[in-house]
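Reading through the structure tokens given below for one structure.
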Amino acid sequence: MDYDTLVPVMRRLAIEAGHRIMEIYGSDDFGVRAKSDDSPVTAADEAADALISAGLRAAFPDIALVTEEQATTHGSRAETFLIVDPLDGTKEFIHRRGDFTVNIALVENGTPTRGVVYAPARGRMFYTLPDGSAVEETGALDPESPGKTAPIRVSQPDNGALLVVASKSHRDQATDDYISKYAVRDSKSAGSSLKFCLVATGEADLYPRVGRTMEWDTAAGHAVLAGAGGAVVRFDDHRPLRYGKDGFANPFFIAHAPGVDLKPA
């Protein structure tokens, strides 16, 4: 994969999809319906998916594509593939809470190596550069003209006083029980893959997820966090979270700055 070609394409498509999402976000009707698993999908999910998948297939016709909104892609088996969640945090979108993101990532040999996370309602955009390092871009976020970027880096936490981020829509007692094993200075809630990015920027030290997720939910945020010096590990044995699993379902996991002394499940 030519990362110098890939990164600008992912960045551009994420911004263009974000613009389309915000057009629908400003309308009166999101076109909400239930998918076969009873999870919600909106016209914004579908419009963003169509834009991103068409752009990726045109630019990288020889690379396998897995996208949440196209069930026909869920049988893909490849060592290298692109994976997309065109609108992560659909419930946040429906309730107009703003914490939703566009996610595009490249997975190679089980690891997300490049990715982009764009939160259009928050005006925040994070991605990996061709060399794999992670940045946040600020400014106008013009799809055709990259703006000013700043390197992002995980914190060096004081294990006596951690900053923890957890899911806004899926926080439960099991999550709280695990968090209670740590000395916590502050805890915040956030939606979608923004939680990975908060760890990547040092705005949080620890993000445990004790609940169901899919690889398209996590791959882009995982890539950004890894590019900022962080890690994502399985909840049960703290081995690295791997991708390309059958069905693309994740086990429970922990995203963290490497200085955190992880507690057992």
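A count restricted to region 149-178 and to residues that are touching a Phe, Trp or Tyr at 6+ places or on another chain (Cβ under 8 Å) and closer than 20 Å to GLY115 by Cβ stands at 2. I'd like to know if region 222-237 contains one or more residues that are of a type outside the set (S, T, N, Q), surrounded by fewer than 15 Cβ atoms within 10 Å (Cβ to Cβ), at pLDDT 95 or above and at negative phi. For region 222-237, residues of a type outside the set (S, T, N, Q), surrounded by fewer than 15 Cβ atoms within 10 Å (Cβ to Cβ), at pLDDT 95 or above and at negative phi: present. Condition test on ASP217, is it among the acidic types (Asp, Glu), over 30 Å from LEU6 (Cβ atoms) and either in contact with a Phe, Trp or Tyr (Cβ under 8 Å, 6 or more places away or on another chain) or not assigned by TED's automatic domain parsing to the domain that holds ARG114 (or both)? Against the criterion (among the acidic types (Asp, Glu), over 30 Å from LEU6 (Cβ atoms) and either in contact with a Phe, Trp or Tyr (Cβ under 8 Å, 6 or more places away or on another chain) or not assigned by TED's automatic domain parsing to the domain that holds ARG114 (or both)), ASP217 does not qualify. If you filter region 150-179 down to residues that are modelled with pLDDT under 95 and hydroxyl-bearing (Ser, Thr, Tyr), you find that the one that is surrounded by the most Cβ atoms within 10 Å (Cβ to Cβ) is SER167.
Every residue, every condition in (1) in contact (Cβ under 8 Å) with a residue 60 or more places away in the chain; (2) out of contact with any strand residue (DSSP E or B) (no Cβ under 9 Å at 6 or more places or on another chain); (3) of a type in the set (D, E, K, R), yes or no:
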{"position": "LYS148", "(1), (2), (3)": "no, no, yes"}
{"position": "TYR182", "(1), (2), (3)": "yes, no, no"}
{"position": "TYR207", "(1), (2), (3)": "no, no, no"}
{"position": "GLY227", "(1), (2), (3)": "yes, no, no"}
{"position": "VAL233", "(1), (2), (3)": "no, no, no"}
{"position": "PHE248", "(1), (2), (3)": "yes, no, no"}
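Can you find even one residue in region 218-225 that is in a loop (DSSP other than H, G, I, E, B) and in contact with a Lys or Arg (Cβ under 9 Å, 6 or more places away or on another chain)? Can you show your working first?
Just the residues of region 218-225 that are in a loop (DSSP other than H, G, I, E, B), to begin with: none.
Checking region 218-225: not a single residue is in a loop (DSSP other than H, G, I, E, B) and in contact with a Lys or Arg (Cβ under 9 Å, 6 or more places away or on another chain).
Residues in region 123-182 that are hydrophobic (A, V, I, L, M, F, W, C) and assigned to a helix (DSSP H, G or I): ALA174, ILE179.
The values are calculated or read from the model by the stated rules, or taken from the named source; none is laboratory data. If you're wondering where the values come from, they're calculated on a predicted model, not measured in any experiment. In this analysis, Cβ positions are derived from the backbone assuming ideal geometry, glycine residues included, and neighbour counts consider all displayed protein chains.
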